[in-house]
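Report on the following structure.
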Amino acid sequence: MINTITPNGLSTKSKTLFQMAYGVGITINAKPEHIWSFLTNAEGFPRWNSTISSIKGKIALGEKIELQARIAPERIFKLKVSEFVPGQRMVWRDGSAPMFQGVRTFILKAKGDKATDFFMEERFSGLMLPLIAKALPDFGEAFEDYAKDLKREAERV
């Protein structure tokens, strides 16, 4: 799905029996390295990102982080940074396959010298998804807010 996301700031959703994904893309008038600095600064996230209450830990390859999202304030998501290509791609994983897993992917694609397309996708999958799917919140609005917040912050400087 991430390859089919349009960078227009609007969320998308796809769902099958054992897989569900939300995605968003937006064009940001900033270089990838500048945007990356916001995506990898855990301490600064709550200042610019209205969808996140807190992130604890270091956002780097192999590190574990704890995230508290406003969409589910009673839950602490324990994530592992499983891919990390500075200025280009990052993946956070939660859960364990094949029962249930959430995977969030961030991609930055430079557009010339002064703009970058930002893409984010959250893919839920596993044998338990049919039972869990109805309990999951609709992430569409939160994804749109996340992208708009990142765009505003990166373009502010």
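Check Val103 against each of (1) surrounded by fewer than 14 Cβ atoms within 10 Å (Cβ to Cβ); (2) under 11 Å from the mean Cα position of the chain (by Cα) and name the one condition it does not meet.
(1) is the only condition that Val103 fails.
Out of all the residues in region 48-63, is one or more out of contact with any helix residue (DSSP H, G or I) (no Cβ under 8 Å at 6 or more places or on another chain) and either in a strand (DSSP E or B) or modelled with pLDDT under 95 (or both)? Show your work before the answer.
Initial filter on region 48-63 (out of contact with any helix residue (DSSP H, G or I) (no Cβ under 8 Å at 6 or more places or on another chain)): 60-63.
Still in the list and also either in a strand (DSSP E or B) or modelled with pLDDT under 95 (or both): none.
No, every residue in region 48-63 fails to be out of contact with any helix residue (DSSP H, G or I) (no Cβ under 8 Å at 6 or more places or on another chain) and either in a strand (DSSP E or B) or modelled with pLDDT under 95 (or both).
With (1) in contact (Cβ under 8 Å) with a residue 40 or more places away in the chain; (2) touching a strand residue (DSSP E or B) at 6+ places or on another chain (Cβ under 6 Å) as the list, and Asp149 as the residue in question, which single condition is left unmet?
Only one criterion in (1) in contact (Cβ under 8 Å) with a residue 40 or more places away in the chain; (2) touching a strand residue (DSSP E or B) at 6+ places or on another chain (Cβ under 6 Å) is unmet by Asp149, namely (2).
Would you mind stating whether Leu108 is surrounded by 15 or more Cβ atoms within 10 Å (Cβ to Cβ), within 25 Å of Phe18 (Cβ to Cβ) and either among the aromatic types (Phe, Trp, Tyr) or touching a residue at least 12 places away in the same chain (Cβ under 8 Å) (or both)? Full working, then the answer.
Details: surrounded by 15 or more Cβ atoms within 10 Å (Cβ to Cβ): yes; within 25 Å of Phe18 (Cβ to Cβ): no; either among the aromatic types (Phe, Trp, Tyr) or touching a residue at least 12 places away in the same chain (Cβ under 8 Å) (or both): yes.
No: the conditions fail for Leu108.
So Pro98 clears everything in (1) surrounded by 16 or more Cβ atoms within 10 Å (Cβ to Cβ); (2) out of contact with any helix residue (DSSP H, G or I) (no Cβ under 8 Å at 6 or more places or on another chain) except one condition, right? Which one?
With respect to (1) surrounded by 16 or more Cβ atoms within 10 Å (Cβ to Cβ); (2) out of contact with any helix residue (DSSP H, G or I) (no Cβ under 8 Å at 6 or more places or on another chain), Pro98 is out only on (1).
Name every residue in region 1-18 that is in a strand (DSSP E or B) and exposed (fewer than 15 other Cβ atoms within 10 Å of the Cβ), in order of residue number. Before the answer, list the steps.
If we filter region 1-18 for residues that are in a strand (DSSP E or B), which is where we start, we get 8, 12-16.
Matches in region 1-18: Asn8, Lys13, Ser14, Lys15, Thr16.
What are the residue pairs meeting all of these: first residue in region 26-37, first residue touching a residue at least 40 places away in the same chain (Cβ under 8 Å) and among the polar types (S, T, N, Q), second residue crowded, with 18+ Cβ neighbours inside 10 Å and in a loop (DSSP other than H, G, I, E, B), Cβ atoms under 6 Å, and 6 or more apart or on different chains?
These pairs meet every condition: Thr27/Pro7.
Could you tell me whether region 105-123 includes any residue that is in a helix (DSSP H, G or I) and at pLDDT 95 or above? Outline the logic, then answer.
Just the residues of region 105-123 that are in a helix (DSSP H, G or I), to begin with: none.
No, region 105-123 has no match at all.
Given the criteria small (Gly, Ala, Ser) and modelled with pLDDT of 95 or more, does Ser82 qualify?
For Ser82, the condition - small (Gly, Ala, Ser) and modelled with pLDDT of 95 or more - is met.
Which members of region 19-47 meet the condition of being outside any loop (DSSP other than H, G, I, E, B) and among the β-branched types (Val, Ile, Thr)? Spell out the reasoning first.
Looking only at region 19-47, we keep the residues that are outside any loop (DSSP other than H, G, I, E, B), and these are 19-28, 32-39, 42-47.
Within region 19-47, Val24, Ile26, Thr27, Ile28, Ile35 qualify.
Given the conditions (1) over 16 Å from Tyr146 (Cβ atoms); (2) under 14 Å from the mean Cα position of the chain (by Cα); (3) buried (at least 18 other Cβ atoms within 10 Å of the Cβ), which single one is not true for Phe84?
Just one mismatch for Phe84, condition (3).
The values are calculated or read from the model by the stated rules, or taken from the named source; none is laboratory data. Since we're looking at a predicted model, the values are computed, not measured. Cβ coordinates were reconstructed from backbone atoms using ideal geometry, including for glycine residues, and neighbour counts include every protein chain displayed.
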